[in-house]
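Colleague: Below is the structure I would like to discuss, written out as structure tokens.
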Amino acid sequence: MTESRTPLWEVFIRSRNGLAHKHVGSVHAADATLALQAARDVYTRRGEGLSLWVVPSSAITASDPADKDMLFEPTASKIYRHPTFYEVPDEVGNM
Amino acid sequence: MPTTSISLDEAPLVLHLLRRADDALILGHRLSEWTGHAPTLEEELALANIALDLIGQARLLYAHAGSLTGHDEDQLAYLRDARAWRNLLLVELPNGDFAQTILRLALFSAFMDPCWQATTRSADPTLAAIAAKAEKEVAYHLRHSAEWLIRLGDGTEESRRRAKAALDALWPYTGELFEADEAEREMIAAGIAPDPEALRAAWEATLTDVLARAALERPSDTWMQTGGRSGRHTEHLGYVLADLQYLQRAYPGATW
């Protein structure tokens, strides 16, 4: 009953360095407004962020852990996809 | 630090600062009583965050008052007897249920939000600086309590019954928000404090909006409780102070 009245929301925070919103955890809340407040109260107590997203956990479609081998295993043998095989001219400096 | 109570020369500015500081500390203490008892983890943190905001405001106000009387903030918080406390009766009442806790916070914050905003223009630069910090904090306290009140009033049968009962119980304590005695009027005239009567329209507008969305009826203004500002308190304050002051009274100057 508690679950249905206060469903789970996933919380994303954009920290002040201008990066993308990053998943930090979840909260229970009755609706989107209270979820945003709960996220503020639980996850931004130490100046962690400048922007918050909350997303209903039920809106997330997740890959099946059983498909892990099929989905992710084949990339292990394709190390040439990493950009480590190219020589970067000195003039470019740090990338 | 002497264990005996201090007596203060309450010049109008000192009295004004103590009134605001005592409101913040006692309400902060009441909210901190929810720690370990709140309905959900999320709300537990929310109430504790608000309590810490208020206790922080109290510390700044006590430090300012103490700089005028020659006391430190701990002496002002821990070494005054109930009759020397200047807080509103509203903030010393027990928490009651969650609806009563939320409603009290909403009633108080709906007043303090415009009050701190106006105080940012105070002729006292220290008080204006405290107001600039407090104003942002209280704006959130108001939003948080208002959103909850709307959901309680317009929620289940039980939450609605509790919200209505809280409204009937606390409404007679709202008159004190707008009191201004001679000392207070001196502060208003000096441009140090806003005139509470000038804040009434904003308070009314906020509550009219929130109560309408909560489907709750605004109680009519009947007889209003009074006394806190001049030290005539309910029996409840003594118990709060017993908790709050025990350590410093029993072990003067104790630190950790």
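The values are calculated or read from the model by the stated rules, or taken from the named source; none is laboratory data. For clarity, every value in this text was computed on a predicted model and none was experimentally measured. Here the Cβ positions follow ideal geometry from the backbone for every residue, glycine too, while neighbour counts run over all protein chains shown.
Colleague: Kindly indicate whether residue A:11 is out of contact with any Gly (no Cβ under 6 Å at 6 or more places or on another chain), surrounded by 15 or more Cβ atoms within 10 Å (Cβ to Cβ) and either within 30 Å of residue B:155 (Cβ to Cβ) or within 11 Å of chain B (Cβ to nearest Cβ) (or both).
Modeller: In short, no.
Colleague: Another question about this same structure. Collect the residues in segment B:19-69 that are within 14 Å of chain A (Cβ to nearest Cβ) and among the hydrophobic types (A, V, I, L, M, F, W, C), keeping them in residue-number order.
Modeller: Passing the criteria: B:31, B:34, B:38, B:41, B:45, B:46, B:47, B:48, B:50, B:51, B:52.
Colleague: Quick one: count up the residues across segment B:8-63 that are in contact (Cβ under 8 Å) with a residue 60 or more places away in the chain, over 21 Å from residue B:177 (Cβ atoms) and acidic (Asp, Glu).
Modeller: 2
Colleague: Ok, one more. For segment A:14-35, what are the residues that are outside any strand (DSSP E or B), away from chain B (no Cβ under 13 Å) and touching a Phe, Trp or Tyr at 6+ places or on another chain (Cβ under 9 Å)?
Modeller: A:20, A:21
Colleague: Take the residues in segment B:19-43 that are closer than 28 Å to residue B:233 by Cα and over 14 Å from the mean Cα position of the chain (by Cα); name whichever of them is surrounded by the fewest Cβ atoms within 10 Å (Cβ to Cβ).
Modeller: Filtering segment B:19-43 for residues that are closer than 28 Å to residue B:233 by Cα and over 14 Å from the mean Cα position of the chain (by Cα), the one surrounded by the fewest Cβ atoms within 10 Å (Cβ to Cβ) comes out as B:36.
Colleague: OK, next. Looking only at segment B:155-164, which residues are acidic (Asp, Glu) and within 16 Å of residue A:6 (Cβ to Cβ)?
Modeller: If the condition is that a residue be acidic (Asp, Glu) and within 16 Å of residue A:6 (Cβ to Cβ), then B:158 is the only one that fits.
Colleague: Of all residues in segment A:58-91, how many are within 14 Å of residue A:9 (Cα to Cα) and in a helix (DSSP H, G or I)?
Modeller: Matching residues across segment A:58-91 total 2.
Colleague: Okay, moving on. Taking helices (runs of 4 or more DSSP H) that do not extend beyond segment B:82-190, which have at least 2 residues that are free of Cβ contacts under 8 Å to residues at least 12 places away in the same chain and small (Gly, Ala, Ser)?
Modeller: Those helices (runs of 4 or more DSSP H) span B:125-153.
Colleague: If you check every pair at least six apart or on different chains, which have Cβ atoms under 7 Å apart with a residue in segment B:231-248 that is touching a residue at least 12 places away in the same chain (Cβ under 8 Å) first and a residue that is among the aromatic types (Phe, Trp, Tyr) and part of a loop (DSSP other than H, G, I, E, B) second?
Modeller: So the pair list comes out as B:231/B:85; B:233/B:85; B:237/B:85.
Yes/no per residue for (1) of a type in the set (D, E, K, R); (2) modelled with pLDDT of 95 or more; (3) under 30 Å from residue B:140 (Cα atoms); (4) surrounded by 12 or more Cβ atoms within 10 Å (Cβ to Cβ):
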site: A:3; (1), (2), (3), (4): yes, no, yes, no
site: A:59; (1), (2), (3), (4): no, yes, yes, no
site: A:84; (1), (2), (3), (4): no, no, no, no
site: A:90; (1), (2), (3), (4): yes, no, no, no
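Colleague: Every residue in segment B:138-192 that is of a type in the set (S, T, N, Q), within 14 Å of another protein chain (Cβ to nearest Cβ) and touching a helix residue (DSSP H, G or I) at 6+ places or on another chain (Cβ under 8 Å), please.
Modeller: Residues satisfying the conditions are B:145, B:159.
Colleague: Continuing with this model, one more query. Does at least one position in segment A:72-83 carry a residue that is within 14 Å of chain B (Cβ to nearest Cβ) and of a type in the set (Ser, Thr, Tyr)?
Modeller: So far as segment A:72-83 goes, no, none of its residues is within 14 Å of chain B (Cβ to nearest Cβ) and of a type in the set (Ser, Thr, Tyr).
Colleague: So, one more: Step by step: first the residues of segment B:65-81, then only those that are of a type in the set (Asp, Glu) and touching a residue at least 40 places away in the same chain (Cβ under 8 Å), then the one that is surrounded by the most Cβ atoms within 10 Å (Cβ to Cβ). Which residue is that?
Modeller: B:74
Colleague: If you don't mind, another one. How many residues, within segment B:1-17, are at pLDDT 95 or above and either surrounded by 23 or more Cβ atoms within 10 Å (Cβ to Cβ) or hydroxyl-bearing (Ser, Thr, Tyr) (or both)?
Modeller: The number of residues fulfilling the criteria is 2.
Colleague: Next question. Could you tell me which of the residues B:217, B:204, B:235 is within 20 Å of residue B:95 (Cβ to Cβ), acidic (Asp, Glu) and out of contact with any Phe, Trp or Tyr (no Cβ under 6 Å at 6 or more places or on another chain)?
Modeller: Answer to the selection: B:235.
Colleague: Counting just the residues of segment A:36-57 that are part of a helix (DSSP H, G or I) and at the interface with another protein chain (Cβ under 9 Å from one of its Cβ atoms), which one comes out farthest from residue B:143 (Cα to Cα)?
Modeller: A:42
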